[in-house]
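K.L.:
First the structure, which I've put down as C-alpha coordinates, then a few questions once you've had a look.
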Amino acid sequence: MASAALKVLSRASKKLIKPSSPTPLTQKWHKFSLIEQAQTHTYVPFGFFYSNNQLGALSNQPTQISKLLEKSLSKNLVSYYPYAGEMKDNAVIDCNDKGVEFLNVHIDAPISQILNHKDCNVKDVIFPNGVAWENDSDYGLAVIQITHFNCGGIAISTCLSHKIGDACNGLQFSIDWATLTRDPNAELVQPYYISDTIFPSPPSGPLDSPVVPSILDGCTQKRYIFSSKNVSKLKSFVASESQVKNPTTTEVLSTLLFKCVSKAVTVNLGSFVPSKLIQYADLREMISPKLPPKSVGNVLSHFSTHISDEAEMNLPTILSLMRKEKQLFRNKDNIKENAWALEILELAKGLSPQKKEFDEYTCSSVCKFPFYDVDFGWGKPMATTIATGPYNKLFNLMNYRDDGIEAFVMLDEQDMAVFEGDEEFLEFASPYANYF
(Lines give C-alpha, C1' and ligand atoms only; values in the text may rest on other atoms or scores of the structure.)
Protein backbone atom coordinates (compact mmCIF):
# COMPACT_ATOMS: atom_id res chain seq x y z
CA MET A 1 0.00 0.00 0.00
CA ALA A 2 2.80 2.37 0.87
CA SER A 3 4.47 2.28 -2.54
CA ALA A 4 1.22 3.24 -4.24
CA ALA A 5 0.81 6.25 -1.98
CA LEU A 6 4.42 7.48 -2.00
CA LYS A 7 7.19 6.64 -4.43
CA VAL A 8 10.47 6.02 -2.63
CA LEU A 9 13.78 4.67 -3.85
CA SER A 10 15.20 2.01 -1.58
CA ARG A 11 17.84 -0.66 -1.42
CA ALA A 12 17.81 -3.59 0.94
CA SER A 13 20.04 -6.31 2.36
CA LYS A 14 19.02 -9.41 4.30
CA LYS A 15 20.80 -11.83 6.63
CA LEU A 16 20.02 -14.39 9.31
CA ILE A 17 20.76 -13.58 12.94
CA LYS A 18 21.23 -16.62 15.19
CA PRO A 19 21.21 -16.80 19.00
CA SER A 20 24.64 -15.92 20.44
CA SER A 21 24.75 -19.28 22.25
CA PRO A 22 23.12 -22.58 21.20
CA THR A 23 19.72 -23.57 22.53
CA PRO A 24 20.01 -26.57 24.91
CA LEU A 25 18.63 -29.89 23.71
CA THR A 26 16.20 -29.81 26.65
CA GLN A 27 14.52 -26.87 24.89
CA LYS A 28 14.62 -28.45 21.44
CA TRP A 29 10.84 -28.58 20.91
CA HIS A 30 8.25 -25.86 21.49
CA LYS A 31 4.66 -27.14 21.41
CA PHE A 32 1.78 -25.01 20.17
CA SER A 33 -1.34 -24.59 22.29
CA LEU A 34 -4.79 -25.31 20.85
CA ILE A 35 -5.24 -21.60 20.10
CA GLU A 36 -1.87 -21.42 18.30
CA GLN A 37 -2.60 -24.56 16.28
CA ALA A 38 -5.87 -22.97 15.16
CA GLN A 39 -4.40 -19.75 13.76
CA THR A 40 -2.32 -19.26 10.68
CA HIS A 41 1.31 -18.14 10.62
CA THR A 42 0.65 -14.40 10.82
CA TYR A 43 2.77 -11.81 12.58
CA VAL A 44 2.38 -9.20 15.32
CA PRO A 45 3.79 -6.13 13.49
CA PHE A 46 5.03 -3.17 15.58
CA GLY A 47 7.22 -0.22 14.54
CA PHE A 48 9.33 2.34 16.42
CA PHE A 49 10.76 5.59 15.00
CA TYR A 50 13.91 7.44 16.18
CA SER A 51 15.06 10.83 14.86
CA ASN A 52 18.57 11.80 13.73
CA ASN A 53 18.84 14.06 16.78
CA GLN A 54 18.21 11.07 19.04
CA LEU A 55 20.83 8.95 17.27
CA GLY A 56 23.46 11.67 17.61
CA ALA A 57 26.87 10.47 16.40
CA LEU A 58 25.30 7.31 14.95
CA SER A 59 23.09 9.34 12.62
CA ASN A 60 23.91 8.55 8.98
CA GLN A 61 26.07 5.59 10.01
CA PRO A 62 23.81 2.71 8.99
CA THR A 63 26.54 0.06 9.13
CA GLN A 64 27.37 0.84 12.75
CA ILE A 65 23.69 0.97 13.71
CA SER A 66 23.09 -2.39 12.05
CA LYS A 67 26.06 -4.07 13.74
CA LEU A 68 24.99 -2.74 17.15
CA LEU A 69 21.44 -4.03 16.73
CA GLU A 70 22.52 -7.36 15.23
CA LYS A 71 24.76 -8.09 18.22
CA SER A 72 22.10 -7.29 20.83
CA LEU A 73 19.42 -9.14 18.83
CA SER A 74 21.61 -12.24 18.77
CA LYS A 75 21.92 -12.06 22.54
CA ASN A 76 18.17 -11.51 22.95
CA LEU A 77 17.42 -14.63 20.89
CA VAL A 78 19.11 -16.79 23.52
CA SER A 79 16.05 -16.10 25.69
CA TYR A 80 13.55 -15.88 22.81
CA TYR A 81 14.87 -19.01 21.07
CA PRO A 82 11.55 -20.32 19.58
CA TYR A 83 11.50 -17.31 17.23
CA ALA A 84 14.85 -18.47 15.80
CA GLY A 85 13.55 -21.97 15.08
CA GLU A 86 11.47 -23.56 12.34
CA MET A 87 7.93 -24.89 12.32
CA LYS A 88 8.13 -28.67 11.96
CA ASP A 89 4.37 -28.94 11.51
CA ASN A 90 1.22 -27.33 12.89
CA ALA A 91 1.92 -28.63 16.39
CA VAL A 92 5.57 -27.93 17.16
CA ILE A 93 8.62 -25.74 16.50
CA ASP A 94 12.07 -27.23 16.08
CA CYS A 95 14.21 -24.80 18.11
CA ASN A 96 17.22 -25.39 15.89
CA ASP A 97 18.69 -21.86 15.98
CA LYS A 98 18.20 -21.33 12.26
CA GLY A 99 17.93 -17.61 13.00
CA VAL A 100 15.62 -14.70 12.29
CA GLU A 101 15.60 -12.62 9.12
CA PHE A 102 17.20 -9.21 9.59
CA LEU A 103 16.67 -6.63 6.84
CA ASN A 104 18.35 -3.29 6.30
CA VAL A 105 16.35 -0.98 4.04
CA HIS A 106 17.54 2.45 2.88
CA ILE A 107 14.87 4.90 1.79
CA ASP A 108 15.49 8.09 -0.15
CA ALA A 109 13.03 10.12 1.92
CA PRO A 110 13.18 11.87 5.30
CA ILE A 111 11.47 10.36 8.32
CA SER A 112 9.14 13.39 8.43
CA GLN A 113 7.79 12.58 4.95
CA ILE A 114 6.68 9.16 6.19
CA LEU A 115 5.34 10.15 9.61
CA ASN A 116 3.54 13.30 8.48
CA HIS A 117 2.01 11.90 5.30
CA LYS A 118 -1.78 12.20 5.32
CA ASP A 119 -2.10 8.66 4.01
CA CYS A 120 -1.22 6.61 7.09
CA ASN A 121 -0.67 3.52 4.93
CA VAL A 122 2.64 5.13 3.86
CA LYS A 123 4.17 4.14 7.21
CA ASP A 124 4.08 0.52 6.07
CA VAL A 125 7.36 1.07 4.22
CA ILE A 126 9.04 0.32 7.57
CA PHE A 127 7.68 -3.25 7.56
CA PRO A 128 9.08 -6.07 5.42
CA ASN A 129 7.20 -6.13 2.13
CA GLY A 130 4.44 -8.73 2.06
CA VAL A 131 4.96 -9.91 5.65
CA ALA A 132 2.70 -8.13 8.15
CA TRP A 133 -0.61 -9.99 8.64
CA GLU A 134 0.01 -12.36 5.71
CA ASN A 135 -1.15 -15.97 5.95
CA ASP A 136 1.62 -18.60 5.95
CA SER A 137 4.43 -16.27 4.93
CA ASP A 138 7.58 -17.76 3.39
CA TYR A 139 9.55 -15.85 6.01
CA GLY A 140 10.54 -17.39 9.32
CA LEU A 141 9.01 -16.99 12.76
CA ALA A 142 10.46 -13.50 13.25
CA VAL A 143 11.38 -10.81 10.73
CA ILE A 144 13.16 -7.62 11.75
CA GLN A 145 13.60 -4.58 9.53
CA ILE A 146 15.78 -1.54 10.14
CA THR A 147 14.74 1.33 7.88
CA HIS A 148 17.34 4.07 7.34
CA PHE A 149 15.96 7.43 6.15
CA ASN A 150 18.06 9.93 4.19
CA CYS A 151 17.80 12.44 7.06
CA GLY A 152 19.66 10.09 9.40
CA GLY A 153 16.64 8.89 11.34
CA ILE A 154 15.64 5.24 11.53
CA ALA A 155 12.66 2.98 12.17
CA ILE A 156 12.84 -0.47 13.73
CA SER A 157 10.01 -2.89 13.01
CA THR A 158 9.43 -6.32 14.49
CA CYS A 159 7.16 -8.94 12.95
CA LEU A 160 6.90 -11.83 15.42
CA SER A 161 4.83 -14.90 14.71
CA HIS A 162 1.42 -15.03 16.38
CA LYS A 163 1.92 -18.80 16.50
CA ILE A 164 4.29 -18.25 19.44
CA GLY A 165 2.95 -15.23 21.30
CA ASP A 166 0.59 -12.27 21.36
CA ALA A 167 0.99 -8.49 21.31
CA CYS A 168 2.17 -8.43 24.93
CA ASN A 169 5.05 -10.76 23.99
CA GLY A 170 5.84 -8.81 20.83
CA LEU A 171 6.37 -5.65 22.85
CA GLN A 172 8.33 -7.41 25.63
CA PHE A 173 10.68 -8.86 22.99
CA SER A 174 11.43 -5.32 21.78
CA ILE A 175 11.86 -3.93 25.31
CA ASP A 176 14.36 -6.67 26.19
CA TRP A 177 16.21 -6.24 22.89
CA ALA A 178 16.43 -2.49 23.49
CA THR A 179 17.69 -3.06 27.06
CA LEU A 180 20.49 -5.36 25.82
CA THR A 181 21.43 -2.75 23.22
CA ARG A 182 21.83 -0.14 25.96
CA ASP A 183 23.56 -2.52 28.35
CA PRO A 184 24.88 -5.85 26.98
CA ASN A 185 25.42 -7.09 30.55
CA ALA A 186 21.88 -6.34 31.77
CA GLU A 187 20.35 -9.14 33.83
CA LEU A 188 16.83 -9.70 32.57
CA VAL A 189 13.97 -11.86 33.83
CA GLN A 190 13.79 -14.85 31.51
CA PRO A 191 10.62 -15.52 29.50
CA TYR A 192 8.36 -18.35 30.62
CA TYR A 193 6.95 -20.35 27.70
CA ILE A 194 3.38 -21.44 28.35
CA SER A 195 3.36 -23.74 25.31
CA ASP A 196 0.40 -26.18 25.54
CA THR A 197 0.10 -26.24 29.33
CA ILE A 198 -3.08 -24.12 29.56
CA PHE A 199 -4.83 -24.91 26.27
CA PRO A 200 -3.66 -28.42 25.28
CA SER A 201 -4.38 -30.21 22.03
CA PRO A 202 -7.78 -31.89 21.64
CA PRO A 203 -8.06 -35.50 22.91
CA SER A 204 -7.89 -36.65 19.29
CA GLY A 205 -4.47 -35.01 18.88
CA PRO A 206 -3.09 -31.73 17.47
CA LEU A 207 -4.94 -29.96 14.67
CA ASP A 208 -3.46 -30.92 11.29
CA SER A 209 -3.86 -27.40 9.97
CA PRO A 210 -5.14 -23.96 11.06
CA VAL A 211 -8.92 -23.51 11.20
CA VAL A 212 -9.04 -19.73 11.81
CA PRO A 213 -7.68 -17.88 8.76
CA SER A 214 -6.53 -14.29 8.76
CA ILE A 215 -8.69 -12.40 6.28
CA LEU A 216 -6.93 -9.73 4.25
CA ASP A 217 -9.77 -8.08 2.40
CA GLY A 218 -8.26 -5.02 0.80
CA CYS A 219 -9.59 -2.42 3.21
CA THR A 220 -8.17 1.01 3.84
CA GLN A 221 -6.84 2.34 7.13
CA LYS A 222 -7.27 5.80 8.65
CA ARG A 223 -5.50 7.16 11.71
CA TYR A 224 -7.26 9.29 14.33
CA ILE A 225 -5.90 11.00 17.43
CA PHE A 226 -7.88 11.42 20.65
CA SER A 227 -6.20 14.03 22.86
CA SER A 228 -6.17 13.42 26.62
CA LYS A 229 -8.54 16.37 26.99
CA ASN A 230 -11.05 14.89 24.54
CA VAL A 231 -10.80 11.44 26.10
CA SER A 232 -11.68 12.97 29.49
CA LYS A 233 -14.52 14.93 27.90
CA LEU A 234 -15.94 11.77 26.32
CA LYS A 235 -15.62 9.82 29.59
CA SER A 236 -17.50 12.48 31.52
CA PHE A 237 -20.29 12.66 28.96
CA VAL A 238 -20.83 8.91 28.60
CA ALA A 239 -20.51 8.24 32.34
CA SER A 240 -23.17 10.84 33.19
CA GLU A 241 -25.56 9.50 30.55
CA SER A 242 -25.07 5.79 31.27
CA GLN A 243 -24.49 5.74 35.04
CA VAL A 244 -21.44 3.53 34.44
CA LYS A 245 -18.84 4.38 37.07
CA ASN A 246 -15.29 5.19 36.02
CA PRO A 247 -15.43 4.05 32.39
CA THR A 248 -12.00 3.18 31.00
CA THR A 249 -10.39 4.81 27.99
CA THR A 250 -10.79 1.64 25.94
CA GLU A 251 -14.46 1.33 26.92
CA VAL A 252 -15.45 4.83 25.85
CA LEU A 253 -13.38 4.91 22.65
CA SER A 254 -14.54 1.47 21.50
CA THR A 255 -18.12 2.51 22.27
CA LEU A 256 -17.81 5.66 20.15
CA LEU A 257 -16.10 3.82 17.28
CA PHE A 258 -18.66 1.02 17.31
CA LYS A 259 -21.57 3.44 17.16
CA CYS A 260 -20.14 5.72 14.47
CA VAL A 261 -18.81 2.98 12.19
CA SER A 262 -22.09 1.09 12.47
CA LYS A 263 -23.88 4.29 11.50
CA ALA A 264 -21.75 4.54 8.33
CA VAL A 265 -22.43 0.90 7.45
CA THR A 266 -26.16 1.45 7.96
CA VAL A 267 -26.13 4.45 5.61
CA ASN A 268 -24.55 2.37 2.84
CA LEU A 269 -26.74 -0.70 3.40
CA GLY A 270 -29.92 1.36 3.64
CA SER A 271 -31.06 -0.32 6.86
CA PHE A 272 -29.70 -1.35 10.26
CA VAL A 273 -28.21 -4.82 10.73
CA PRO A 274 -27.93 -6.36 14.22
CA SER A 275 -24.30 -5.88 15.23
CA LYS A 276 -21.80 -6.98 17.85
CA LEU A 277 -18.49 -5.61 19.03
CA ILE A 278 -15.88 -8.28 19.79
CA GLN A 279 -13.15 -7.36 22.27
CA TYR A 280 -10.15 -9.56 23.01
CA ALA A 281 -8.79 -9.73 26.54
CA ASP A 282 -5.45 -10.79 28.01
CA LEU A 283 -6.05 -13.48 30.65
CA ARG A 284 -2.68 -13.21 32.39
CA GLU A 285 -4.03 -11.19 35.32
CA MET A 286 -7.15 -13.36 35.63
CA ILE A 287 -5.56 -16.79 35.84
CA SER A 288 -5.06 -18.37 39.26
CA PRO A 289 -2.39 -19.22 40.24
CA LYS A 290 -0.80 -16.27 38.46
CA LEU A 291 1.56 -16.94 35.60
CA PRO A 292 5.24 -16.01 35.99
CA PRO A 293 6.40 -12.63 34.60
CA LYS A 294 7.06 -12.52 30.86
CA SER A 295 4.76 -15.46 30.11
CA VAL A 296 4.95 -16.11 26.36
CA GLY A 297 1.92 -17.50 24.56
CA ASN A 298 -1.55 -16.62 23.31
CA VAL A 299 -3.38 -16.36 26.63
CA LEU A 300 -6.52 -14.77 25.25
CA SER A 301 -10.26 -14.92 25.08
CA HIS A 302 -12.99 -12.50 24.05
CA PHE A 303 -16.38 -11.13 24.96
CA SER A 304 -19.00 -9.39 22.83
CA THR A 305 -21.47 -6.54 23.13
CA HIS A 306 -24.61 -7.25 21.09
CA ILE A 307 -26.95 -4.59 19.67
CA SER A 308 -30.09 -6.03 18.10
CA ASP A 309 -32.15 -2.87 17.68
CA GLU A 310 -31.02 0.39 16.06
CA ALA A 311 -32.60 2.34 18.94
CA GLU A 312 -30.02 0.74 21.27
CA MET A 313 -27.09 1.90 19.14
CA ASN A 314 -26.31 4.89 21.35
CA LEU A 315 -23.35 5.61 23.61
CA PRO A 316 -25.00 5.11 27.04
CA THR A 317 -26.66 1.82 26.07
CA ILE A 318 -23.58 0.40 24.37
CA LEU A 319 -21.36 1.26 27.33
CA SER A 320 -23.82 -0.17 29.87
CA LEU A 321 -24.14 -3.44 27.94
CA MET A 322 -20.37 -3.59 27.45
CA ARG A 323 -19.72 -3.20 31.17
CA LYS A 324 -22.21 -5.98 31.99
CA GLU A 325 -20.62 -8.35 29.44
CA LYS A 326 -17.17 -7.48 30.72
CA GLN A 327 -18.17 -8.30 34.30
CA LEU A 328 -19.73 -11.61 33.25
CA PHE A 329 -16.53 -12.38 31.36
CA ARG A 330 -14.34 -11.66 34.38
CA ASN A 331 -16.51 -13.76 36.70
CA LYS A 332 -16.31 -16.97 34.68
CA ASP A 333 -13.53 -19.53 34.36
CA ASN A 334 -11.84 -18.37 31.17
CA ILE A 335 -9.74 -21.49 30.92
CA LYS A 336 -12.50 -24.13 31.07
CA GLU A 337 -15.04 -21.79 29.45
CA ASN A 338 -12.73 -20.00 27.05
CA ALA A 339 -14.94 -18.68 24.25
CA TRP A 340 -12.18 -18.72 21.66
CA ALA A 341 -11.04 -22.28 22.50
CA LEU A 342 -14.62 -23.56 22.38
CA GLU A 343 -15.14 -21.96 18.95
CA ILE A 344 -11.92 -23.58 17.72
CA LEU A 345 -13.02 -27.03 18.86
CA GLU A 346 -16.28 -26.59 16.94
CA LEU A 347 -14.43 -25.49 13.80
CA ALA A 348 -12.04 -28.44 14.16
CA LYS A 349 -14.98 -30.84 13.83
CA GLY A 350 -15.26 -29.73 10.21
CA LEU A 351 -18.88 -28.69 10.52
CA SER A 352 -20.25 -25.97 8.27
CA PRO A 353 -20.12 -22.66 10.13
CA GLN A 354 -23.45 -21.38 11.34
CA LYS A 355 -24.91 -18.35 9.62
CA LYS A 356 -23.84 -15.22 11.50
CA GLU A 357 -26.74 -13.47 13.21
CA PHE A 358 -24.76 -10.27 13.84
CA ASP A 359 -22.53 -8.03 11.75
CA GLU A 360 -19.12 -8.23 13.48
CA TYR A 361 -16.84 -5.39 14.58
CA THR A 362 -13.60 -5.89 16.52
CA CYS A 363 -11.66 -3.64 18.88
CA SER A 364 -8.11 -4.48 19.93
CA SER A 365 -6.53 -2.24 22.55
CA VAL A 366 -2.89 -2.11 23.62
CA CYS A 367 -3.31 1.17 25.49
CA LYS A 368 -1.90 -0.32 28.69
CA PHE A 369 1.28 -1.49 26.97
CA PRO A 370 4.40 0.72 27.40
CA PHE A 371 5.38 1.14 23.74
CA TYR A 372 7.39 4.26 24.51
CA ASP A 373 9.67 2.26 26.83
CA VAL A 374 11.47 0.74 23.84
CA ASP A 375 14.72 2.67 24.37
CA PHE A 376 17.76 1.35 22.49
CA GLY A 377 19.94 4.01 24.07
CA TRP A 378 18.56 6.91 22.06
CA GLY A 379 15.61 7.74 24.32
CA LYS A 380 11.93 7.00 23.86
CA PRO A 381 10.74 6.48 20.27
CA MET A 382 9.41 9.64 18.70
CA ALA A 383 6.53 7.59 17.32
CA THR A 384 5.21 4.02 17.40
CA THR A 385 2.86 2.28 15.02
CA ILE A 386 1.20 -0.95 13.92
CA ALA A 387 1.01 -2.20 10.34
CA THR A 388 -2.13 -1.73 8.24
CA GLY A 389 -4.51 -4.66 8.56
CA PRO A 390 -5.69 -7.26 8.85
CA TYR A 391 -9.45 -7.05 8.21
CA ASN A 392 -12.58 -4.96 7.82
CA LYS A 393 -14.34 -3.26 10.77
CA LEU A 394 -11.31 -3.46 13.03
CA PHE A 395 -10.23 -0.72 15.45
CA ASN A 396 -6.71 -0.81 16.93
CA LEU A 397 -6.08 1.50 19.90
CA MET A 398 -2.63 2.43 21.20
CA ASN A 399 -1.04 5.28 23.15
CA TYR A 400 -0.08 8.44 21.28
CA ARG A 401 3.03 9.95 22.85
CA ASP A 402 2.18 11.28 26.31
CA ASP A 403 -1.00 12.99 25.20
CA GLY A 404 -3.84 10.75 24.19
CA ILE A 405 -4.71 7.71 22.15
CA GLU A 406 -4.17 6.79 18.51
CA ALA A 407 -6.87 4.81 16.73
CA PHE A 408 -6.22 2.89 13.52
CA VAL A 409 -9.55 2.18 11.82
CA MET A 410 -9.91 -0.45 9.09
CA LEU A 411 -12.93 -0.15 6.77
CA ASP A 412 -13.78 -0.72 3.14
CA GLU A 413 -13.61 2.45 1.09
CA GLN A 414 -17.37 2.95 0.80
CA ASP A 415 -17.95 2.83 4.57
CA MET A 416 -14.82 4.87 5.28
CA ALA A 417 -16.06 7.66 2.99
CA VAL A 418 -19.16 8.04 5.19
CA PHE A 419 -17.45 7.43 8.53
CA GLU A 420 -14.70 10.04 8.12
CA GLY A 421 -17.34 12.79 7.87
CA ASP A 422 -19.20 11.80 11.05
CA GLU A 423 -19.58 15.00 13.09
CA GLU A 424 -20.18 13.20 16.39
CA PHE A 425 -16.94 11.25 15.98
CA LEU A 426 -14.94 14.31 14.88
CA GLU A 427 -16.07 16.18 17.99
CA PHE A 428 -13.62 13.99 19.90
CA ALA A 429 -11.15 12.75 17.28
CA SER A 430 -8.67 14.48 14.97
CA PRO A 431 -8.47 12.76 11.58
CA TYR A 432 -4.84 13.63 11.05
CA ALA A 433 -2.00 14.93 13.19
CA ASN A 434 1.62 15.69 12.34
CA TYR A 435 4.09 13.85 14.53
CA PHE A 436 6.40 16.86 14.39
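The values are calculated or read from the model by the stated rules, or taken from the named source; none is laboratory data. Keep in mind that this is a model prediction, so the values were computed, not measured. Using ideal geometry, Cβ is built from the backbone for each residue, glycine included, and neighbour counts are taken over all protein chains shown. Protein only, heavy atoms only, side chains kept; ligands, DNA and RNA dropped before computing areas. Shrake-Rupley method; radii C 1.70, N 1.55, O 1.52, S 1.80 Å.
K.L.:
Might you report the magnitude of the Cβ-based charge dipole of the chain about its Cα centre, with Lys and Arg at +1 and Asp and Glu at -1, to the nearest 20 debye?
P.N.:
For this selection, approximately 1020 debye.
K.L.:
Sticking with this structure for a sec: If I take all pairs of Cα atoms in the stretch 30-159, what percentage of them are more than 26 Å from each other?
P.N.:
That fraction is 29 percent.
K.L.:
Okay, next question. Hey, can you find the accessible area per residue of the chain for me, probe 1.4 Å, expressed in square angstrom?
P.N.:
44 Å²
K.L.:
Let me ask another. Can you give the % of DSSP beta bridges in the chain that are antiparallel, to the nearest 5?
P.N.:
Antiparallel: roughly 75 percent of the beta bridges in the chain.
K.L.:
Among Leu269, Leu58, Leu394, which one shows the biggest mean-square fluctuation in a GNM of the chain, springs joining Cα atoms closer than 10 Å?
P.N.:
Leu269
K.L.:
Here's another thing I want to ask about it. Sorted from largest to smallest, which semi-axis lengths in Å does the alpha carbon gyration tensor of the stretch 314-436 give for its equivalent ellipsoid, taking the root of 5 times each eigenvalue?
P.N.:
In descending order, the three semi-axes are 31, 22, 17 Å.
K.L.:
Further question: Can you give me the relative contact order of the stretch 211-351 as a percent, contacts being Cα pairs under 8 Å and 6 or more apart?
P.N.:
Worked out over the stretch 211-351, it gives 27 percent.
K.L.:
Here's a follow-up. Pick from Asn76, Asn314, Asn396 the residue whose mean-square fluctuation is largest in a GNM of the chain, springs joining Cα atoms under 10 Å.
P.N.:
Asn314
K.L.:
Taking the Cα-to-Cβ direction at Glu427 and at Gln190 and moving 7 Å from each Cα, how far apart do the two end points lie in nm?
P.N.:
Simple spin-label model gives 5.5 nm for this pair.
K.L.:
Report the charge-dipole magnitude of the stretch 365-436 in Debye, nearest 20, computed about the Cα centre from +1 at each Lys and Arg Cβ and -1 at each Asp and Glu Cβ.
P.N.:
The dipole of the stretch 365-436 has a size of about 440 debye.
K.L.:
Under 8 Å for C-alpha pairs, at least 6 residues apart: give me the relative contact order for the stretch 59-183, rounded to a whole percent.
P.N.:
Once normalised by length, the contact order is 30 percent.
K.L.:
Go ahead and estimate [θ] at 222 nm for the chain from helices alone: -39,500 (n - 2.57) per DSSP H run with n ≥ 4, summed, over the residue count, rounded to 500.
P.N.:
Rounded to the nearest 500, the figure is -8500 deg cm²/dmol.
K.L.:
Between Ser232 and His106, what is the FRET efficiency for a Förster distance of 30 Å, r being their Cβ-Cβ separation, to the nearest 0.05?
P.N.:
0.10
K.L.:
Just how large is the dipole of the stretch 76-117 about the Cα centre, in debye to the nearest 20, putting +1 at every Lys and Arg Cβ and -1 at every Asp and Glu Cβ?
P.N.:
That gives a dipole near 100 debye.
K.L.:
Lys/Arg Cβ at +1, Asp/Glu Cβ at -1, dipole of the chain taken about the Cα centre: which of Leu188, Asn392, Ser209 is farthest positive-ward?
P.N.:
Of the options given, the answer is Leu188.
K.L.:
Please compute the contact order of the chain in relative form: average sequence separation of alpha-carbon pairs under 8 Å and at least six residues apart, divided by the residue count, as a percent.
P.N.:
Averaging sequence separation for qualifying contacts and normalising by length gives 23 percent for the chain.
K.L.:
Working from the pairwise distances between different alpha carbons, so that the mean of 1/r is found and then inverted, what is the stretch 97-224's Kirkwood radius in Å?
P.N.:
Evaluated over the stretch 97-224, this radius sits at 17.6 Å.
K.L.:
How compact and how long is the stretch 336-375, expressed as Rg and Dmax of its alpha-carbon atoms in Å?
P.N.:
For the stretch 336-375, the Cα radius of gyration and maximum Cα-Cα distance read 16.7, 48 Å.
K.L.:
Considering every Cα-Cα pair within the stretch 177-264, what fraction, in whole percent, is farther apart than 15 Å?
P.N.:
Value for the stretch 177-264: 79 percent of Cα pairs lie more than 15 Å apart.
K.L.:
Are there any helices in the chain, counted as whole DSSP H runs, that stretch 20 Å or more along their axis by Cα and score at least 0.0 on average by Kyte-Doolittle, and if so which?
P.N.:
For the chain, where a helix must reach 20 Å along its axis and average at least 0.0, the hits are 167-182, 249-269.
K.L.:
Considering the alpha-carbon set of the chain alone, what are its Rg and its Dmax in angstrom?
P.N.:
Every Cα atom of the chain included, Rg and Dmax give 21.7, 62 Å.
K.L.:
To continue, here is another question. Given springs between every Cα pair under 10 Å in a Gaussian network model of the chain, which of Asn169, Asn121, Asn246 has the largest fluctuation?
P.N.:
Ranking Asn169, Asn121, Asn246 by mean-square fluctuation puts Asn246 first.
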